[in-house]
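Visitor: Quick one: structure below, then a few questions.
None of the figures in this text is laboratory data; all of them are computed from the coordinates on show. Everything numeric here is computed off the predicted structure, so don't read it as measured data. As a convention, Cβ positions derive from the backbone with ideal geometry for all residues, glycine included, and neighbour counts pool all protein chains shown.
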Amino acid sequence: MSDRIDRKELRTDNFAVAVEHNVEYVADHRAKFIQYGLIALAVILLAAGFIWYRNYQHDVRQEKLSDAIQIQESNITPGALPGPLSFATDQAKRDAANKAFGDIASQYSGTREGWIAEYYLACITADAGKLDDANKRFQKVAEGANKDYASLAKLSLSDTAFVEGRGAEGEKLLKDLIENPTILVSKEQATISLARHFVTTGKIADARKLLQPLTSTPNGASQAAVQMLGDLQSQ
């Protein structure tokens with residue numbers, strides 16, 4: 001019994017000594033503790049300020065990207081008066097969209113919104129028939145963006161490759177996407193794209209081989225696969 005009490009007292013005494021020592025140490029080094037405390041507080045405030053600024057910047061980027069997409073999706077109205085979302089010609093709309101997405105890509109390079117803007121710029125350039133410039137932009141996104149947006153750029157690169165007669169390159173891109181699907185480009189989507197290419201190049205048997213397994217998939221890809229197979233039957 002006494003042995004346990006002695007041990008308990010020993011632990012308590014040791015704790016008291018440690019507290020006393022710490023109190024004395026703080027008293028002797030009060031100036032430094034205050035200095036370090038202020039530094040710690042400054043670091044916390046700086047971190048909090050950075051988080052707020054980052055979130056604020058994210059909101060700003062999101063708003064600018066939303067505005068740019070609205071421009072891209074706006075209708076052409078011949079004779080319309082110039083306005084933020086009013087365009088009389090396709091060229092006027094294209095110029096406005098290029099300006100909006102270009103500003104985002106330049107100001108927020110490397111961010112999610114910056115890569116999305118870069119992808120839109122590539123699509124606009126491709127629609128204008130400037131495939132060389134479009135390919136450069138798509139390639140930039142494919143190499144620099146995260147895997148989701150990179151996969152979308154690779155899908156577009158495969159389209160331009162087929163248009164330009166570089167079928168082997170387009171097939172390679174699609175096969176890579178089939179093996180490495182993402183949220184934005186599913187395995188089924190890449191498979192259907194490759195099957196379409198096979199159809200246009202006369203590889204009907206290869207197209208059927210790709211499409212047949214998709215007919216039993218529980219998603220929208222099955223409907224597209226069934227439709228394509230039906231079209232092939234009538235040929």
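Visitor: For the pair Asp103/Asp206, report the inter-label distance in nm, with labels modelled 7 Å from Cα in the Cβ direction.
Guide: 4.6
Visitor: Something else now. Obtain the nm distance between the two label points defined at Asp67 and Leu232 by a simple spin-label model: each point lies 7 Å from its Cα along the Cα-to-C-beta direction.
Guide: About 4.9 nm, to one decimal.
Visitor: Related question: In whole angstrom, how long is each semi-axis of the equivalent ellipsoid of the range 68-176, when you take the square root of 5 times every eigenvalue of its Cα gyration tensor and sort them from largest down?
Guide: 27, 17, 9
Visitor: Hey, rough spin-label estimate for Glu169 and Gln139, points 7 angstrom out along Cα→Cβ, what's it come to in nanometres?
Guide: Result: 0.7 nm between the two label points.
Visitor: Under the Kirkwood approximation applied to all pairs of distinct alpha-carbon atoms, what is the hydrodynamic radius of the range 93-137 in Å?
Guide: 10.2
Visitor: On to the next question. Can you put His58, His197 in order of Cβ neighbours within 10 angstrom, beginning with the fewest?
Guide: Fewest-to-most ranking of His58, His197: His58, His197.
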